[in-house]
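Read the structure below first, then the notes.
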Amino acid sequence: MTEQLEIRWSRAEDMPALTALNNRIWDETNSPHVAPMTEAEYAERHPTGAELVAVVGEALAGFVIFRTASPMKSHAHVAELAIAVNPEFQGLGVGRKLVEAACAEAKAQGKRKLSLRVMSTNEKAIAFYKKLGFQEQGRLVEEFYAGGRYVDDILMYKMLT
């Protein structure tokens, strides 16, 4: 399947599928704030070309967003990462390919470090990130109250050098 996979920058025609996947994938087990977006809201927050998408045929298999962590010049070497893989394509290498593409692009942009945040309830994602070389760099204990319980926010990173 991954031989049919295309990783490319998002296009205007991807917005309906990106919005639908975004609204489908986030819930109380993996996001501290679940707020479905309209297509216009999604496009405003993630304009065309702002994220890498994985496409298999006509189907959107997933996306990865990476952006400079803050506007501070001293922080410009760090990119924050967020990834979503369509459940129909999970376990097929799509996520790995998206992260690899994000790492290559971030490195080409002069980034030295990728960072991300993941809720402690999202054990599958934590294992995935560790498998790809991400390490825990901190934990905000009971940072969120989601799904009827307090949840830690785990900070993870991967050096690109």
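Restricting attention to the range 94-112, which residues are surrounded by fewer than 17 Cβ atoms within 10 Å (Cβ to Cβ) and either of a type in the set (Gly, Ala, Ser) or not in a helix (DSSP H, G or I) (or both)? Ala104, Ala108, Gln109, Gly110, Arg112, listed by residue number.
Rundown of residues vs (1) open to solvent by 70 Å² or more (accessible area, probe 1.4 Å); (2) over 30 Å from Arg149 (Cβ atoms); (3) of a type in the set (A, V, I, L, M, F, W, C), yes/no style:
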residue: Glu6; (1), (2), (3): yes, yes, no
residue: Asn23; (1), (2), (3): no, no, no
residue: Ser31; (1), (2), (3): no, no, no
residue: Val34; (1), (2), (3): yes, no, yes
residue: Tyr42; (1), (2), (3): no, no, no
residue: Gly49; (1), (2), (3): no, yes, no
residue: Met72; (1), (2), (3): yes, yes, yes
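Against the numbered list (1) among the aliphatic types (A, V, I, L, M); (2) outside any helix (DSSP H, G or I); (3) under 18 Å from Glu28 (Cβ atoms); (4) without any contact (Cβ under 8 Å) to a residue 60 or more places away in the chain, Ile126 comes up short only at (2). Among the conditions (1) in contact (Cβ under 8 Å) with a residue 60 or more places away in the chain; (2) within 21 Å of Trp26 (Cα to Cα); (3) aliphatic (A, V, I, L, M), the only one that Ala101 does not satisfy is (2).
Whenever a residue of the range 11-27 is without any contact (Cβ under 8 Å) to a residue 12 or more places away in the chain and closer than 14 Å to Val64 by Cα, it has no partner that is among the charged types (D, E, K, R) and loosely packed, with under 13 Cβ neighbours inside 10 Å lying with C-beta atoms less than 8 angstrom away and at least six residues away or across chains. In the set (1) open to solvent by less than 70 Å² (accessible area, probe 1.4 Å); (2) over 16 Å from Trp26 (Cα atoms); (3) outside any helix (DSSP H, G or I); (4) among the hydrophobic types (A, V, I, L, M, F, W, C), the condition left unmet by Phe63 is number (2).
When Arg112, Arg117, Arg149, Arg139 are screened for being among the basic types (Lys, Arg), more than 14 Å from the chain's Cα centre (by Cα) and within 16 Å of Val78 (Cβ to Cβ), only Arg112 passes. Scanning the range 7-49 for residues that are more than 17 Å from the chain's Cα centre (by Cα) and closer than 24 Å to Cys103 by Cα yields Arg11, Ala12.
Please verify whether Glu13 is exposed (fewer than 14 other Cβ atoms within 10 Å of the Cβ), modelled with pLDDT of 90 or more and assigned to a helix (DSSP H, G or I), treating the condition exactly as stated. In short, yes. Of all the criteria given as (1) touching a residue at least 12 places away in the same chain (Cβ under 8 Å); (2) at negative phi; (3) surrounded by fewer than 18 Cβ atoms within 10 Å (Cβ to Cβ); (4) in contact with a strand residue (DSSP E or B) (Cβ under 7 Å, 6 or more places away or on another chain), the one not satisfied by Gly133 is (2).
Restricting the range 136-161 to residues that are of a type in the set (Lys, Arg) and surrounded by fewer than 16 Cβ atoms within 10 Å (Cβ to Cβ), the residue that is nearest to Ala101 (Cα to Cα) is Arg139. On inspection, Ser74 fails the criterion of being in contact with a helix residue (DSSP H, G or I) (Cβ under 8 Å, 6 or more places away or on another chain) and hydroxyl-bearing (Ser, Thr, Tyr).
The values are calculated or read from the model by the stated rules, or taken from the named source; none is laboratory data. Not measured: the values here are computed from a predicted model. Every residue, glycine among them, receives a Cβ derived from its backbone with ideal geometry; neighbour counts consider all protein chains shown. When the accessible area is computed, the model is the full protein with side chains, heavy atoms only, and any ligands, DNA or RNA have been set aside. Shrake-Rupley method; radii C 1.70, N 1.55, O 1.52, S 1.80 Å.
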